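Encoded as structure tokens, the structure appears first; notes follow it.
The values are calculated or read from the model by the stated rules, or taken from the named source; none is laboratory data. This structure is a prediction, so every number in the text was calculated from the model and none was measured. As a convention, Cβ positions derive from the backbone with ideal geometry for all residues, glycine included, and neighbour counts pool all protein chains shown.
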Amino acid sequence: MHLVADIREDLPRLGTRKLYFRLLPQLGEHAPRVGRDYLFALLAAHGLLIRRRKRRVVTTQTCLPLFRRPNLIEHLTVSRAEQVWVSDITYVRLLSGWSYLSLITDLYSHKIVGACLHPDLSVRGTLSALHQALAARIQPHRPLIHHSDRGLQYAAREYVGLLESHGVALSMTQNGDPYENAVAERVNGILKDEFGLGDVLPGFAQADALVGRAVRAYNELRPHGSCDFLTPNQAHEQEGPLVRRWKNYYQPVAIPAPT
């Protein structure tokens, strides 16, 4: 259990499937005897399974129909990094109120390529995240789609102009359904559930520092079941289909003896 404690010191709410893949190199010759189901049962017996917290605050102020764009990714097969970025804004709660985190995530690798915490919902926060993402592009001449909900910030003249000046196509959800921007919504949840951004934080400065640490740990350390258990940084260097692995392990089971 001390190996689990060491990993969760950096990733305190890392789910068990990802934890198992982080443990494999350290288990060495014992890995075949300590299977994933055994680890789930062991953590369940010690009350160490991570359960997701559900909460939602509306951060989307919908733009007028005139400024909406079509959904360009609905039937698109994504096979490389910097093919599609997904964007969203989520809240971060402070003792004094709220701040708002603008995120841009690569749809293929799930890497966060732009992040900015801002005290209000103005376009300044989303613009800062976009500038960060554009500056970090590895292959700026390859086609790229920017996908978002229909928030006013993503239809703002400055935001649209910056995307168009870099040759980036604009795509938007059509009906406000979170599943039309599911990866962006999922990243919001991971940062809150696993990296402390769902807690009530003392102030803006502390929250901003935590965002920086959380994004680095998320990109560098956290394996993703949707990316063949690679970290986002590792997946960002791949090309072609990535194996997606999901399974519900929360049913109560007896602890099997290692064989």
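Give the residue that is modelled with the lowest pLDDT, with candidates limited to residues of segment 234-250 that are of a type in the set (Phe, Trp, Tyr) and in contact with a Ser or Thr (Cβ under 9 Å, 6 or more places away or on another chain).
So the residue we want is Tyr249.
Within segment 93-101, is there a residue that is touching a Cys at 6+ places or on another chain (Cβ under 6 Å), over 18 Å from Thr231 (Cβ atoms), assigned to a strand (DSSP E or B) and at pLDDT 95 or above?
Looking through segment 93-101, none of the residues is touching a Cys at 6+ places or on another chain (Cβ under 6 Å), over 18 Å from Thr231 (Cβ atoms), assigned to a strand (DSSP E or B) and at pLDDT 95 or above.
Where residues in segment 133-187 are surrounded by 14 or more Cβ atoms within 10 Å (Cβ to Cβ) and of a type in the set (Ser, Thr, Tyr), which of them is nearest to the chain's Cα centre (by Cα)?
Looking at the filtered set, the residue picked out is Ser148.
Would you call Leu130 buried (at least 17 other Cβ atoms within 10 Å of the Cβ), in a loop (DSSP other than H, G, I, E, B) and in contact with a strand residue (DSSP E or B) (Cβ under 8 Å, 6 or more places away or on another chain)?
no
Has segment 101-111 got at least one residue that is charged (D, E, K, R) and surrounded by 20 or more Cβ atoms within 10 Å (Cβ to Cβ)?
yes
Which one of these is small (Gly, Ala, Ser), without any contact (Cβ under 8 Å) to a residue 12 or more places away in the chain and closer than 30 Å to Gln206 by Cβ: Ala156, Ala184, Ala135?
Ala135
Tell me whether segment 211-221 contains one or more residues that are among the aliphatic types (A, V, I, L, M), outside any loop (DSSP other than H, G, I, E, B) and over 16 Å from Ile104 (Cβ atoms).
Taking every residue of segment 211-221 in turn, at least one turns out to be among the aliphatic types (A, V, I, L, M), outside any loop (DSSP other than H, G, I, E, B) and over 16 Å from Ile104 (Cβ atoms).
Just to be sure I understand the filter: pairs with C-beta atoms under 7 Å, separated by 6 or more residues or on different chains, first member in segment 99-124 and over 15 Å from Leu191 (Cβ atoms), second member assigned to a strand (DSSP E or B) and among the charged types (D, E, K, R). Which pairs pass?
These pairs meet every condition: Tyr108/Arg80.
Against the conditions (1) out of contact with any Asp or Glu (no Cβ under 6 Å at 6 or more places or on another chain); (2) modelled with pLDDT under 95, where does Leu134 fall short? Just the number, please.
(2)
Read through the list (1) within 18 Å of Ala115 (Cα to Cα); (2) of a type outside the set (Asp, Glu); (3) in contact with a helix residue (DSSP H, G or I) (Cβ under 6 Å, 6 or more places away or on another chain), then give the number of the only condition that Ile190 fails.
Every condition holds for Ile190 apart from (3).
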